[in-house]
Structures are given as structure tokens and as C-alpha cells.
Amino acid sequence: MIALFDRLLAPLLRTLDPEQAHALALAALKHAPLPRAAPDDQKLRVQAFGLTFPNPVGVAAGFDKNAEVPDQLLRLGFGFVETGGVTPRPQPGNPRPRLFRLDADAAVINRLGFNSDGVEAVAARLAARKDAPGIVGINIGANKDTTDRAADYVACIERLAPVASFLTVNVSSPNTPGLRNLQEATALDDLLSRVIDARERAKGAARAPLLLKIAPDLTLGDLDDVVGLARRHRIDGMIVGNTTIGRPPSLRERAKATEPGGLSGRPLFALSTRMLAETFVRAEGAFPLIGAGGIDSGAAAFAKIKAGASLVQLYTGLIFRGVGLVGAIKRDLVDMMRIGNFDTLGQAVGRDAAALTAEPWPA
Ligand SMILES: Cc1cc2nc3c(=O)[nH]c(=O)nc-3n(C[C@H](O)[C@H](O)[C@H](O)COP(=O)(O)O)c2cc1C
């Protein structure tokens, strides 16, 4: 069924405008009679943030912004889904066109700017599936025109903590002016105090893990501060990371590369994996990390794990490789564990981190 989904849909999606293609993919997922995913190999099981993940491969934020298809994504074989980003009030995001496919680079540039149905609509959808199996988290952001950004995160947490498996504080979207300044030490200290406090106060919630998602463009000095604060505030984990505002010189689609926005996909792999390793050595095991950025194969997923990721997420790889990618990654991970003599994925986490931090900075 999954192979059929890719074979029928992929050629059509490639002919469409990227945003129309995405809407069609969501509609197809909503209506396809997907069978329940086959049980995963026990070796792929991961314990993190107090949750048990059947496998480490998740859907990154942005694919299912409004929590319309989380259970269908789980049926494709993902070990977890991060829905969102959601903002407190509905907002349209930036004017179109705002999503660009760089086919020759297996990359995407987006400047969607948090188009969102708003927290009420998303909370209702998550509440309706709350008792269904599977780990479904939610990525939260701030409205573009808000004056107190931290208050927006607090509002989202209060509403979503009772219905989400985990919450991700996204301070790394490049498409809301000023949002990434929340990664600066003083602002982040204040934000983390307030979001942790909101999570503790959220009524009726089993204590939802709170994760912090950062940009791959931070300086290492900034990263020292961010990881230090995440540790001090006892954040449950970090996601490394979001899209980059950088444009690697290797990009072949030079005209599209000039579009403003965040770059994702294969050209992001080297930088995001290096930042993951840098975060791992600074976190010293205080919390688990999720690695995202340019994963489009089992080898790329395993490289993220060895750089320090307990779990991985992908989005752009799905656009170029189709939904069969998740099964391929899981099969390859099991093979690579056998070849490397790893009984659990945990044994591989961070194996290469120190060595990676000694390499020249990726171009
Ligand atoms: C179209 C699009 C929308 C995204 N929206 C969000 C978002 O709302 N919140 C967020 O934290 N990350 C968002 N991301 C970033 C992804 O979650 C991910 O961190 C990034 O794309 C790197 O992974 P990839 O190379 O596998 O795509 C978005 C990415 C894309 C391509």
C-alpha cells in the first residue's frame, strides 16, 4: 500500500506547485485506507523523555502543522509525529509563493511564517485522538503581531499540555522576524522559566516533556549559553535543529537559492549534524537529543545517532524519497546495528560526537 501510494502520487506531486503538492499529499493521507503499521523490530525501541518510542524515526514539525493526519503518519511506520508549529491565534502566514523546491539539491526553502489554524482548532483535534496509541507531540510558536512572545508560548502550553505527548518550544523559525532572538541568553532564561512554570501548572496533564528546538546557525558561544540554560531549567530534551538561513556554496539551484527563508534537506545535513555533535558534548547526557536536518537514508539517520541523537526526525526527505523512506531507514538501521554489533540504539548514541567536533567546520 505504501509503495502504491508513492508510485501513484509521487510523479503527480512533482508537477505541482510545492504548496499545492503538500495540500494534495495531506488530502491523500487523510483518505487513503492505510493499514496499521507492522510491529517494529524490538532493537529499534528507544526510551527517552519518559516515553517509549517503537522506533526512532519521527516526522518533523511543519509537515502536519494543524494536526490533521497524525494517526495516518503513524500508520506509515513512523515512531512518533511532531505536529505544529501552532500559534495561539489563527494566522495566514506570509504571502505566496513561500515554498520552493530545489530539485537538483534535494532541498526546500520555506518562508511560510507559521501559517496556523490556531491553538483552539489544533487542541480540539489532538483531544479527539488523545487516547489513541502512538506518540504525537506539538511544536509551538508565537503569533507574528504579538507583543509578549513568551506569553504566546505559555498560552499554547496551557492549552496543549493535556493533549500532547510532548511539547516543543520552537525559538528557531527564521520566518517570524525577531523570533530567533529568543535564543539569546537573557531572553531564553526568561522564556524557559515561564514555559516550565506553565507546564507545571497545566491542569489534567501527565507531565508532558518539554523540548527546545534550536537553529543550526547559532555560534558555538551562543550554543554554550543555550545548552547551559536548558540544563539549568531542566528542559527534557533538545531538537537540533531547524532550517538554516545559510546557503552552502555547493547549491546547484542558484536562482532559487536566493529566495529568503529557511533551507532544509540534503544540503543541511553536514551543518545540522555538526551542531548536533556540538550540543551532545555540551549536554553531557543531561537530556536526550533529537537530530533533524537532511535525513534521506538509513546511513544519514545512523550518522545522526552516532553524532548524538537518541531519536531522529525528517521532513524534506519525504518530499524527494516518498513515504517508503521510513521503512527503508528502519530496515537499514537494523542492518547497521547488526554490522556494528549494537544490541540497542542507545549503545551507538554519540559514538562519533567528539571526533566530529574536531573536524573542520562544514562549508
Ligand atoms: C515547509 C516546512 C515547514 C516547516 N515548519 C516548521 C515549523 O512550523 N516548526 C518547526 O519547528 N520547524 C519547521 N520546519 C523545520 C523542520 O521541522 C526541520 O527541522 C527541518 O526542515 C530540517 O529537517 P529536514 O531537512 O528533514 O526537512 C519546517 C520545514 C519545512 C520544510
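Output needed for the chain: three equivalent-ellipsoid semi-axes, defined as square roots of 5 times the C-alpha gyration tensor eigenvalues, in descending order, whole Å.
Working: eigenvalues 132, 117, 102 Å².
The equivalent ellipsoid of the chain has semi-axes of 26, 24, 23 Å.
Between R232 and A286, what is the label-to-label distance in nm when each label sits 7 Å out along the Cα-to-Cβ direction?
Each label point lies 7 Å from its Cα, and together they span 0.9 nm.
Please get the size of the charge dipole for the stretch 323-363, origin at its Cα centre, with Cβ charges of +1 on Lys and Arg and -1 on Asp and Glu, quoted in debye to the nearest 20.
140 debye
How far apart, in nm, are two points set 7 Å out from the Cα along the Cα-to-Cβ line at T258 and at D332?
Those two pseudo-labels are separated by 3.4 nm.
Based on alpha-carbon centroids, what's the gap between the stretch 2-27 and the stretch 28-88 in Å, whole number please?
When both Cα centres are located, 19 Å separates them.
What Kirkwood Rh does the stretch 242-332 have if only Cα atoms enter the pairwise 1/r average? Answer in Å. All intermediate terms of the calculation are to be shown ahead of the outcome.
On the way: mean 1/r = 0.0726 Å⁻¹.
Mean inverse Cα-Cα distance, inverted, gives 13.8 Å.
Under 5 Å between amide hydrogens, which residues at least 5 positions from I239 or on another chain qualify, with H placed 1.01 Å from N in the peptide plane?
For I239, the qualifying residues are L212, K213, I214, I290.
If you find the alpha carbon centre of the stretch 194-240 and of the stretch 301-344, how far apart are they in angstrom?
Between the Cα centres of the stretch 194-240 and the stretch 301-344 lies a distance of 25 Å.
Take every DSSP beta bridge with both residues inside the stretch 83-178 and express the antiparallel ones as a percent of the total, to the nearest 5.
Here the antiparallel bridges make up roughly 45 percent for the stretch 83-178.
For the chain, give the share of DSSP beta bridges that are antiparallel, in percent and rounded to the nearest 5; count only bridges with both residues there. Walk me through the numbers before you get to the answer.
On the way: 13 of 41 bridges.
In the chain, DSSP labels about 30 percent of beta bridges as antiparallel.
Could you give the dipole magnitude of the stretch 57-129 about its Cα centre, charging the beta-carbon of Lys and Arg +1 and that of Asp and Glu -1, in debye to the nearest 20?
180 debye
How charged is the neighbourhood of G85? Take every other residue with its Cβ under 10 Å from the Cβ of G85, and add Lys/Arg as +1 and Asp/Glu as -1.
+1
No value in this document is a laboratory result; all are computed from the given coordinates. This is a predicted model, so every value here is computed, not measured. Neighbour counts are summed over all protein chains in view; Cβ atoms, including those assigned to glycine, are modelled from backbone coordinates with ideal geometry.
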